[in-house]
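Down below is the structure, laid out as structure tokens.
The values are calculated or read from the model by the stated rules, or taken from the named source; none is laboratory data. Given the structure is predicted, the values throughout are model-derived calculations rather than measurements. FYI the Cβ positions are ideal-geometry reconstructions off the backbone, even for glycines, and counts take in every protein chain you see. Areas reflect the complete protein model, heavy atoms only, side chains present, ligands, DNA and RNA absent. Shrake-Rupley method; radii C 1.70, N 1.55, O 1.52, S 1.80 Å.
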Amino acid sequence: QEQLVESGGGLVQPGGTLRLSCAASGFTFSRYDVSWYRQAPGKERELVAAITKRGVTNYRDSVKGRFTISRDNAKNTVYLQMNSLQPEDTAMYYCKAIGMYGQISWGQGTQVTVSS
């Protein structure tokens, strides 16, 4: 059974750092494009960063220069390094994987709260 599990969220002060992990099981992660999304209360889910099977990355403008997405296919894991966190980054963060045939898997999310 395909499964994605996010971890690494928590409470951090403005300017702080977190690294989120998205661990996959039940499928060959290296064949999937993977994205991080976030959803704040009362807002729509939005794309934060994405990485293709070949390692090409893209980011939403508001996180460029602060967030870095990477993958370790040997560990079946994708990471989101988040630096210089701001209160507006507060949200539930979700991992999404898309396979070569269009199959989609979502994780359950990990909460990130940026507050002093």
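Could you count how many residues in region 71-116 are over 14 Å from A24 (Cβ atoms) and open to solvent by 50 Å² or more (accessible area, probe 1.4 Å)?
Within region 71-116, residues that are over 14 Å from A24 (Cβ atoms) and open to solvent by 50 Å² or more (accessible area, probe 1.4 Å) number 12.
State the number of residues belonging to region 18-59 that are open to solvent by 30 Å² or more (accessible area, probe 1.4 Å) and more than 14 Å from the chain's Cα centre (by Cα).
Residues in region 18-59 being open to solvent by 30 Å² or more (accessible area, probe 1.4 Å) and more than 14 Å from the chain's Cα centre (by Cα): 13 in total.
Is it the case that S115 is more than 16 Å from S7 (Cα to Cα), touching a helix residue (DSSP H, G or I) at 6+ places or on another chain (Cβ under 8 Å) and polar (S, T, N, Q)?
When the stated conditions are applied, S115 passes them.
Tell me the strands (runs of 3 or more DSSP E) entirely within region 59-116 that contain at least 3 residues that are modelled with pLDDT of 95 or more.
Result: 67-72, 77-82, 91-98, 110-114.
Those residues that are surrounded by fewer than 18 Cβ atoms within 10 Å (Cβ to Cβ) and not charged (D, E, K, R), I need them from region 61-70; list them, please.
Residues satisfying the conditions are S62, G65, T68, S70.
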